[in-house]
Amino acid sequence: MHNERTRVAVELSQAAVSFGRGSKAIAALQETTLRINEGEFVALVGPSGCGKSTILKLAGGLLQPSRGAVIVGGKEVSAKALRIGMAFQNPTMLPWLTIERNVMLPLKIVRPFRADYRLKKNSEYRDRVHALLRDVGLERFANSYPWQLSGGMLQRANLCRALVHEPRLLLLDEPFGALDQFTREELWGTMQSLWLKHKQTVLLVTHDLKEAGFLATRICVMSARPGRIVDDRGVDFPRPRTIEKTFEADFVALNQRLRELITRSRTDTVIEEA
């Protein structure tokens with residue numbers, strides 16, 4: 001049920017994606033319907049190649065559906081309906097710019113900020129960047145260069161860059177996947193704090209079921225390719241969530257249920273292909 005005050009941020013309506021034509025067409029995503037309300041933190045989990053990143057690209061306007069529709073902020077994605085922030089597994093910082101200037105890049109590119117960039121880059125925009133860096137414990141590294149920071153620190157800066165232009169929708173494609181376990185878990189706490197403070201709508205693609213349970217308000221489980229959503233449920237653990245919580249029985253039970261759903265969907269696909 002959606003009350004009158006609930007606003008839909010992202011809606012896929014029977015959206016499907018195929019690559020190629022005719023007999024050579026490959027279905028990447030079956031007809032999928034998904035509704036994400038403003039302020040939700042939705043995680044997509046499922047086996048490799050199931051279409052998780054395809055859904056992310058549809059929401060970001062990086063890909064158009066072969067069939068169906070994708071509505072973001074009340075408009076078709078091609079209409080650039082709202083500001084979007086993105087963070088991927090590789091932070092892709094420009095090595096010749098300081099961390100401060102790397103984080104500031106969206107303000108140089110994205111409307112309406114770019115119109116005032118020259119005027120505000122050393123005042124208001126600099127203050128905005130430093131406030132975010134302070135939130136993630138990086139303010140004293142503002143004048144450092146990317147090659148001087150660890151992988152975890154670069155990913156913190158990457159999150160700041162994704163948030164600096166105040167996006168209403170944040171798209172995360174396995175942003176912590178390349179990090180070691182302890183750094184990854186530390187960054188879950190950072191991401192949770194940023195979301196609790198800013199309350200953007202977030203769509204996260206991850207292979208890490210523990211990460212999904214820690215961060216998300218909802219988890220959508222996808223079947224093997226051609227993917228479809230086979231389970232969509234809320235996660236109601238209280239916040240702020242801690243790493244200790246991930247060892248408790250109800251959290252472990254959630255992980256096990258997700259694992260069983262994914263294993264079953266892979267098995268079903270193999271049987272169908274046979």
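The table for this structure:
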| read-out | value |
| --- | --- |
| Cα-derived Rg to Rh of the chain, Kirkwood definition | 0.98 |
| Sites Asn255 and Ser193, calculated FRET efficiency, Cβ-Cβ separation with R0 22 Å, nearest 0.05 | 0.45 |
| Under 19 Å from Lys57, Cα to Cα: aspartates and glutamates that are on another chain or at least 8 residues apart | Glu11, Glu31, Glu38, Glu40, Glu76, Asp173, Glu174 |
| Potential lengthening between Ala69 and Arg111 on full extension [0.36 nm per residue; Cα-Cα distance subtracted] | 12.6 nm |
| For the range 27-79: Kirkwood Rh in Å [reciprocal of mean 1/r, alpha carbons] | 12.0 Å |
| Trypsin sites (Lys or Arg not before Pro) within the range 1-63: DSSP coil, no more than 11 neighbouring Cβ in 10 Å | Arg5, Arg21 |
| Portion, in percent, of the accessible area of the chain that falls on carbon or sulfur, probe 1.4 Å | 50 percent |
| Heavy-atom accessible area per residue - the chain, 1.4 Å, Å² | 51 Å² |
| Within-14-Å neighbourhood charge of Val205 [Cβ basis; K, R +1; D, E -1] | -1 |
| P(r) histogram, all alpha-carbon pairs of the range 136-234 included - 5 Å bins from 0, percent | 2, 11, 22, 23, 19, 13, 6, 3, 2, 0 |
| Rule-of-thumb Rg ratio for the range 1-138 [Cα; 2.2 N^0.38 Å; N residues] | 1.30 |
| Check: the range 31-158 dipole with +1 on Lys, Arg Cβ and -1 on Asp, Glu Cβ, in debye | 400 debye |
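The values are calculated or read from the model by the stated rules, or taken from the named source; none is laboratory data. Everything numeric in this text was worked out from a predicted model, so none of it was measured. FYI the Cβ positions are ideal-geometry reconstructions off the backbone, even for glycines, and counts take in every protein chain you see. Ligands, DNA and RNA are stripped out before the accessible areas are found, and what is left, the full protein with its side chains, is counted by its heavy atoms. Shrake-Rupley method; radii C 1.70, N 1.55, O 1.52, S 1.80 Å.
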